[in-house]
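**Student:** First the structure, then my questions, so here it is.
The values are calculated or read from the model by the stated rules, or taken from the named source; none is laboratory data. Predicted model, so just to flag it, every value in this text is computed and none were measured. Note that each Cβ is placed from the backbone with ideal geometry, even for glycine, and that neighbours are counted across all protein chains shown. Surface areas here come from the heavy atoms of the whole protein model, side chains and all, with no ligands, DNA or RNA. Shrake-Rupley method; radii C 1.70, N 1.55, O 1.52, S 1.80 Å.
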Amino acid sequence: MQKPIYLDCHSTTPVDQRVLDAMLPYFTEAFGNPSSTSHAYGWEAEAGVKQAREIIANAINASPEEIIFTSGATEANNLAIKGVAEAYFSQGQHIITVATEHRAVLDPCQYLESLGFDITYLPVKEDGLIDLEELKNAIRPDTILVSVMVANNEIGVIQPIAEIGRICHEKEVLFHTDAAQAIAKIPLDVQGMNIDLMSLTAHKVYGPKGIGALYVRRRNPRVRLASQIQGGGQERGIRSGTLYPPQIVGFGKAVELGLEERDTEAERQKQLRDRAWQEFSQLEGVHLNGHPEQRLPGNLNISVEGVDGTALILGLQPVIAVSSGSACSSQSTEPSHVITALGRPKALAQASVRFGLGRFTTSEAIDQAIEQTVTTIHSLRKANAVQV
Ligand SMILES: *Cc1c(COP(=O)(O)O)cnc(C)c1O
């Protein structure tokens, strides 16, 4: 079976061959436990982990001790949100987040709500951006945390992180950001942007699945965090469990390569993406979801009038692998909570397609994607017209 062209890079990306090559020795020869300090097997594994930790820290202008390895961004988000809630609840029980966050932020918040915390879900404007005045006004004396993602996984919209960081810093409220879609794709600086906690993952940047990290600020201010997994005391006791050197080394290599190629890739993907939108925008009743410029270069999300969302994805499926909404909720027929939050009517929210371009997306692939999409939209509309 010929598999369709992969255009779902916000769900996951393939491991880059160069990343795999860096990982392989750590499965076999360098298999030691990085916590074994009494022999060379441990030292070798620890050296690989140390190097990766430095690469990841440098990528966001943090120091290596501030990087806590986790199983991915879901765990990092859970650790950040529940860990702060548990450590600071005597100071306040109010948390602010945004309606368009990933479920890995919204669900821990909802869980805290069930324990008695008060959560404010900020709305977004039509373009997917939050209103900074609204954020300012939402901060109260009992607010302990603000959590706003860098780049949205469905519509690619990039929030004004530096401005949000400045507001939180002025009001002395901790600021967490989910940067799963942003690491090694757009510039991130935890100092310049006043970020206190940042969730990362490897598998959206051509690294392996099952590895990520939480950046936890150690000074100005020193963030206190209640561990959510207790055990052997790894990662300064914040996240116990034997470290996984192949995955960690792969994560480091993926970030290193991502940074090296970031600007050229951003420009290349943006050109392909813009070419696709150029074509789609000439069709009647096709809408761009999210801010036209302030978005990830590899993201295009459209809503199509007059077609059924499921039929649209099914029509595209033989040629291109895309999804509607987020991968996690694509099993359900509920319209995406992100597109709905933009104020789109239900029918438009349901008939949305996310194109996720990446490092391995070619110009020819985009041509095929454009052709298949245009043809599918036309034939679905024609069929609808016949039915009527
Ligand atoms: C993919 C993603 C996650 C989940 O990351 P995992 O590493 O798969 O747990 C969280 N937030 C955003 C914005 C994502 O895109």
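**Student:** Considering (1) within 13 Å of the ligand (Cβ to nearest atom); (2) closer than 22 Å to T97 by Cβ; (3) not polar (S, T, N, Q), say which one I211 fails and leave the rest.
**Tutor:** If we test I211 against (1) within 13 Å of the ligand (Cβ to nearest atom); (2) closer than 22 Å to T97 by Cβ; (3) not polar (S, T, N, Q), just (2) comes out false.
**Student:** Tell me, which helices (runs of 4 or more DSSP H) wholly within segment 3-94 include 3 or more residues that are within 16 Å of the ligand (Cβ to nearest atom), assigned by TED's automatic domain parsing to the domain that holds G116 and farther than 24 Å from A162 by Cα?
**Tutor:** Hits in segment 3-94: none.
**Student:** Within segment 95-111, track down each residue that is more than 15 Å from the ligand (Cβ to nearest atom) and under 13 Å from A80 (Cβ atoms).
**Tutor:** I95
**Student:** If a residue must be surrounded by fewer than 21 Cβ atoms within 10 Å (Cβ to Cβ) and on the phi < 0 side of the Ramachandran plot, how many such residues does segment 60-74 contain?
**Tutor:** Result for segment 60-74: 4.
**Student:** In segment 282-328, what residues are closer than 28 Å to M149 by Cα and of a type in the set (G, A, S)?
**Tutor:** Hits for segment 282-328 are G290, G298, S303, G309, A321, S323, S324, G325, S326, A327.
**Student:** Can I ask one more? Go through segment 97-134 and give me each residue that's closer than 19 Å to A226 by Cα, open to solvent by less than 10 Å² (accessible area, probe 1.4 Å) and in contact with a strand residue (DSSP E or B) (Cβ under 6 Å, 6 or more places away or on another chain).
**Tutor:** Those that are closer than 19 Å to A226 by Cα, open to solvent by less than 10 Å² (accessible area, probe 1.4 Å) and in contact with a strand residue (DSSP E or B) (Cβ under 6 Å, 6 or more places away or on another chain): V105, C109.
**Student:** Which one of I195, I144 is away from the ligand (no atom under 14 Å from the Cβ) and part of a loop (DSSP other than H, G, I, E, B)?
**Tutor:** That would be I195, the only listed residue that is away from the ligand (no atom under 14 Å from the Cβ) and part of a loop (DSSP other than H, G, I, E, B).
**Student:** From G325, G252, G241, which residue is closer than 30 Å to A85 by Cα, within 16 Å of the ligand (Cβ to nearest atom) and modelled with pLDDT under 95?
**Tutor:** Going through G325, G252, G241 in turn, the sole match is G325.
**Student:** Could you run through segment 175-189 and say how many residues are in a loop (DSSP other than H, G, I, E, B), surrounded by 24 or more Cβ atoms within 10 Å (Cβ to Cβ) and more than 12 Å from the ligand (Cβ to nearest atom)?
**Tutor:** Final tally of qualifying residues: 1.
**Student:** With the structure loaded, tell me whether L316 is buried (at least 21 other Cβ atoms within 10 Å of the Cβ), at pLDDT 95 or above and not assigned by TED's automatic domain parsing to the domain that holds K125 or whether it fails that test.
**Tutor:** Yes.
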